[in-house]
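Working notes, structure below.
The values are calculated or read from the model by the stated rules, or taken from the named source; none is laboratory data. Because the structure is predicted, anything quoted here is derived from the model rather than measured. Positions of Cβ are backbone-derived with ideal geometry, glycine not excepted, and every protein chain shown enters the neighbour counts. These accessible areas exclude ligands, DNA and RNA; they are computed on the full protein's heavy atoms, side chains included. Shrake-Rupley method; radii C 1.70, N 1.55, O 1.52, S 1.80 Å.
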Amino acid sequence: MVVDGDLRAPSGVATGGQRRPEVAVHRKKAACRHCGAALIDDRMRASGFCCAGCSYVFRLVHEHGLEGYYRFKDEVTVPADAAVFQPRDYSWLEDAQRDAEMTCRAGSPDPAVQSRRGRETPPYIPQLTLDVQGISCAACVWLIERLFQEQPGAREIIVNPQYGTMRLRWLGQGFSAANFARQLQSFGYLVGPPGETPAEPESRALVKRIGLCAAFAMNVMLFSLPAYFGMKSTYEWAGLFGVLNVAFGTLSFLVGGVYFLGRGLHALRLRALHIDLPIALGIVGAYAGSLYGWLTGHERFIYFDFVATFILLMLVGRWAQVAAVERNRRRLLSRQPKPQRVVLASGRAVAPEQVRTDDRLRIAAGQTLPVEARLETAEATFSLASINGEAEPRLFGPGQRVPAGAVNVGRGEVAVVALQPWGESLLAQLLAPGERAGQRHRLLELIVRWYLVGILVIAAVAGAGWWWFTGDGLRTWAVLTAVLVVSCPCAIALAFPLADEIATVALRRRGVFVREADLWPKLARIRKLVFDKTGTLTLETPVLKHPETLAALPAEARAALYALVRDNSHPLSQCLLENLLATGTPGVVAGEVKETVGFGVAMDGWSLGRAGWCDASAGEETVLAHDGQVVARFAFADTARPDAKAEIAALRSRGFDTFILSGDHREKVAALARELDLPAGHALGELTPQAKAGWLEAAGADDVLMLGDGANDSLAFDRALCRGTPVIHRGVLERKADFYYLGRGIGGLRALFEVDALRRRTQTAILVFSIAYNLLAVGLAVAGRMNPLVAAALMPINSLLTLAIVTLGMRRAL
């Protein structure tokens, strides 16, 4: 659900492919009643929701009397994805609560001391600080606080939306942090362990500098204007005005200018040309000349007003560059829970890292097998989707080898014998953090290089010329100072970051979230798009073909079905659970659910499973039966996302070669390729994670954009130039991704390229204008026609015109 009012899945979680950014206005489209995302097919428009998750959360909000959330939330927020329905391990949180309570009891004051302090002094109260994925705005904070107040024993909650954290305090034994986390999950918020103590974000530090430099700039202008308007040097306050001018200009240099100077020098030490270098050059030249002019009484050198205003504008541009990416990163948990502990045959729970060869393990329902193991239970059903992309669960018999990363989707516990330690496990390799090499912005470096060369050459030639013809050292130095002052790099220091910020905001409205600033230079190099199949081109769970069958069930059957599927990790059960909860909360039926592995589940005469198992029917559907009589038949399909065919066709028309690399069966991959009109040779199935990575290396990974969603894509992710993922609740790929996108479609991918095309065209226009401006301004300086007043007027005019070009150029993306 809610991960951001303006930050996740806006107007178009999948609208990129359904709208032309140049002309469409997302608010005019039919929108989801919960998140505001565009409804991209007839089924969505008929229901009023983009997915079952949004329908479920919308109803849940109203059932809890929290409909006030919709009155002041952002117009578009993040869709509630399948994570609201899926079981999630919170044993780590139970341990954390227990540790917090033990620490609290150990630190509680002696009762005698407590009585001497007085009754008004409260005892020590246990507390936990946790990360929360999904906090975006005041509405999210309000909703979380209201839900916390419903918990027994709840004392106080402090939610920090900027860092994505919450601090809980509670009293008594009735409070359960795990239950609270499960409730938050049902509303679309995921709780994770606290990350490292967050350092102050760069954007916040820049805001402090901006605030101070804005004050300094206003004071410099205040004490400079009288001189421009005719104040004589003999005026009794002229000296004081000059001193204050110097003081505030110096403070601006120390607070803001040193920031760029330090970063420029650091780039030089790394033998890189960074945009901060020409900024630092202009600031130092203008400040040094101004200080000299004040000390010697030569007013033609004094540009303190220019220095202060220029620093302020450059800081604003830098803030725009980093703030959007920081916000998108904070929408994810800073640290995912560690892999769930496993229980040894002795009953002792150990971390996956402690598993050794020949250990006997008990794998609970819904738990992931950490290492390759031999099955000792009679039969068991495991899902291999996360490690090889195989959509349908697989039935394993006694003695068979079960691969690491397989998930027990049966209802009962299974016994296995580890065949390897954790360090040799495929899952350990897939979950290992990959190194992410930063991408250098070659075009920007080229612009900076030629900018520096051009300005220094012009300044040197102009200085030599003036010295040769006039022999006037002060006049020559004045020209040199004027050239350095007016050669304004606003285009690349202010307008470029603003264009990036507008592009990032525009993508958020389409459900695409930029995590790394170097995504932009990568996009220009992309020639091949590589998709995983399961969970990327298709949805994570199968699609129920005829949902009206479920809606028509009588209340007793709905309650029985709910009891059969609610604790079942099988993909078909998860699909039925989503659809059940989206249409209302079923009644509760008590009874023991028993599973017949490979066939289905049963409870008190009710059964759900293969046709012909507990009834006399035949066929391929999944059958709900009561006392052997068929009550309902359910058919499922592993289909492409609603807009996949149209989006892939549009991407191919833009010149991208498109491929599918999947671990699923070749026949299924080939069928999907036919559905999407892809050449047969562009869709490969039954690939291991290593084979996917090998294909990228063989095909050339330096122009590949890889899209995947599971651990089986991790090795290929590490090799691809650019990486994106459609899900953010597994804790596997999002930390490696350059961007992530949400929703039921993949339209945000085309929006990514369309918005980037607008961004690049806008930046080209900015460069053309900047060249024209610098020819004019530097020409005036070389001709000796530049003075502080003209420079003070030209610089803000140039900045405003540059920002106007950005606004006009990017308006079609919003």
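Can you pull out the helices (runs of 4 or more DSSP H) entirely within the range 453-551 that have at least 3 residues that are touching a residue at least 24 places away in the same chain (Cβ under 8 Å) and within 24 Å of Ala693 (Cα to Cα)? Steps first, please.
Values: elements: 473-486, 496-508, 519-523, 547-551.
Qualifying helices (runs of 4 or more DSSP H): 519-523.
Check the range 662-675 and report whether any residue there is out of contact with any Asp or Glu (no Cβ under 8 Å at 6 or more places or on another chain), among the polar types (S, T, N, Q) and open to solvent by less than 60 Å² (accessible area, probe 1.4 Å).
No, because not a single residue in the range 662-675 is out of contact with any Asp or Glu (no Cβ under 8 Å at 6 or more places or on another chain), among the polar types (S, T, N, Q) and open to solvent by less than 60 Å² (accessible area, probe 1.4 Å).
For the structure I just gave you, tell me whether Asp74 is acidic (Asp, Glu) and closer than 30 Å to Gln127 by Cα.
Details: acidic (Asp, Glu): yes; closer than 30 Å to Gln127 by Cα: no.
The answer is no for Asp74.
Please state which one of Asp702, Asp709, Asp713 is under 28 Å from the mean Cα position of the chain (by Cα), in contact (Cβ under 8 Å) with a residue 12 or more places away in the chain, under 24 Å from Glu647 (Cα atoms) and open to solvent by 40 Å² or more (accessible area, probe 1.4 Å). Walk me through it before giving the result.
On the way: Asp709 fails: open to solvent by 40 Å² or more (accessible area, probe 1.4 Å); Asp713 fails: open to solvent by 40 Å² or more (accessible area, probe 1.4 Å).
Only one candidate qualifies: Asp702.
Identify, please: which residue in the range 257-287 is among the charged types (D, E, K, R) and either assigned to a helix (DSSP H, G or I) or touching a Cys at 6+ places or on another chain (Cβ under 9 Å) (or both) and is, among those, most open to solvent (accessible area, probe 1.4 Å)?
Going through the range 257-287, the residues among the charged types (D, E, K, R) turn out to be 263, 269, 271, 276.
Next, only the ones that are either assigned to a helix (DSSP H, G or I) or touching a Cys at 6+ places or on another chain (Cβ under 9 Å) (or both) stay: 263, 269, 276.
Values: Arg263: 87, Arg269: 167, Asp276: 1 Å².
For the range 257-287, the residue satisfying everything is Arg269.
For the range 119-155, which positions are out of contact with any Phe, Trp or Tyr (no Cβ under 8 Å at 6 or more places or on another chain) and free of Cβ contacts under 8 Å to residues at least 40 places away in the same chain?
Arg119, Glu120, Thr121, Pro122, Pro123, Tyr124, Val141, Glu145, Gln149 - these are the residues of the range 119-155 that are out of contact with any Phe, Trp or Tyr (no Cβ under 8 Å at 6 or more places or on another chain) and free of Cβ contacts under 8 Å to residues at least 40 places away in the same chain.
What number of residues within the range 153-182 satisfy the criterion of being among the small types (Gly, Ala, Ser), farther than 30 Å from Pro201 by Cα and not in a strand (DSSP E or B)?
Result for the range 153-182: 4.
When you scan the range 44-87, how many residues do you find that are on the phi > 0 side of the Ramachandran plot and open to solvent by 20 Å² or more (accessible area, probe 1.4 Å)? Talk me through it step by step, then tell me what you get.
Start the filter on the range 44-87 by keeping residues that are on the phi > 0 side of the Ramachandran plot, which leaves 48, 65.
Among the residues that remain, those that are also open to solvent by 20 Å² or more (accessible area, probe 1.4 Å) are: 65.
Residues that pass the stated criteria total 1.
May I ask you to verify whether Asp615 is open to solvent by less than 10 Å² (accessible area, probe 1.4 Å) and in a loop (DSSP other than H, G, I, E, B)?
Details: open to solvent by less than 10 Å² (accessible area, probe 1.4 Å): no; in a loop (DSSP other than H, G, I, E, B): yes.
Taking the combined requirement at face value, the residue does not satisfy it.
Taking Leu608, is it within 29 Å of Asp81 (Cβ to Cβ), in contact (Cβ under 8 Å) with a residue 60 or more places away in the chain and either of a type in the set (S, T, N, Q) or not in a loop (DSSP other than H, G, I, E, B) (or both)?
no
Please state which one of Glu667, Glu647 is in contact (Cβ under 8 Å) with a residue 12 or more places away in the chain and closer than 27 Å to Asn579 by Cα.
Values: Glu667 fails: closer than 27 Å to Asn579 by Cα.
The conditions single out Glu647.
For the range 717-739, state whether one or more residues are over 30 Å from Phe306 (Cα atoms), surrounded by fewer than 19 Cβ atoms within 10 Å (Cβ to Cβ) and free of Cβ contacts under 8 Å to residues at least 24 places away in the same chain.
no
Would you call Thr504 of a type in the set (S, T, N, Q), over 25 Å from Leu758 (Cβ atoms), at pLDDT below 90 and in contact with a strand residue (DSSP E or B) (Cβ under 9 Å, 6 or more places away or on another chain)?
Numbers: of a type in the set (S, T, N, Q): yes; over 25 Å from Leu758 (Cβ atoms): no; at pLDDT below 90: yes; in contact with a strand residue (DSSP E or B) (Cβ under 9 Å, 6 or more places away or on another chain): yes.
No; evaluated as a whole, the condition is false for this residue.
Just the residues that are open to solvent by less than 30 Å² (accessible area, probe 1.4 Å), of a type outside the set (S, T, N, Q) and either touching a Pro at 6+ places or on another chain (Cβ under 7 Å) or at pLDDT below 90 (or both), please, taken from the range 218-256.
If the condition is that a residue be open to solvent by less than 30 Å² (accessible area, probe 1.4 Å), of a type outside the set (S, T, N, Q) and either touching a Pro at 6+ places or on another chain (Cβ under 7 Å) or at pLDDT below 90 (or both), then Val220, Ala238, Gly242 are the ones that fit.
Which number in (1) surrounded by 21 or more Cβ atoms within 10 Å (Cβ to Cβ); (2) without any contact (Cβ under 8 Å) to a residue 60 or more places away in the chain; (3) closer than 20 Å to Val355 by Cα marks the one condition that Pro403 misses?
(1)
Among (1) touching a Leu at 6+ places or on another chain (Cβ under 8 Å); (2) buried (at least 22 other Cβ atoms within 10 Å of the Cβ), which single condition is Ala100 missing?
The one condition Ala100 does not meet is (2).
One line per residue, one yes/no per condition, for (1) out of contact with any helix residue (DSSP H, G or I) (no Cβ under 7 Å at 6 or more places or on another chain); (2) buried (at least 18 other Cβ atoms within 10 Å of the Cβ); (3) among the hydroxyl-bearing types (Ser, Thr, Tyr); (4) modelled with pLDDT of 90 or more:
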position: Arg527; (1), (2), (3), (4): no, no, no, yes
position: Thr534; (1), (2), (3), (4): no, yes, yes, no
position: His546; (1), (2), (3), (4): yes, no, no, no
position: Arg558; (1), (2), (3), (4): no, yes, no, yes
position: His570; (1), (2), (3), (4): yes, yes, no, no
position: Gln574; (1), (2), (3), (4): yes, yes, no, no
position: Leu581; (1), (2), (3), (4): no, yes, no, no
position: Lys594; (1), (2), (3), (4): yes, no, no, no
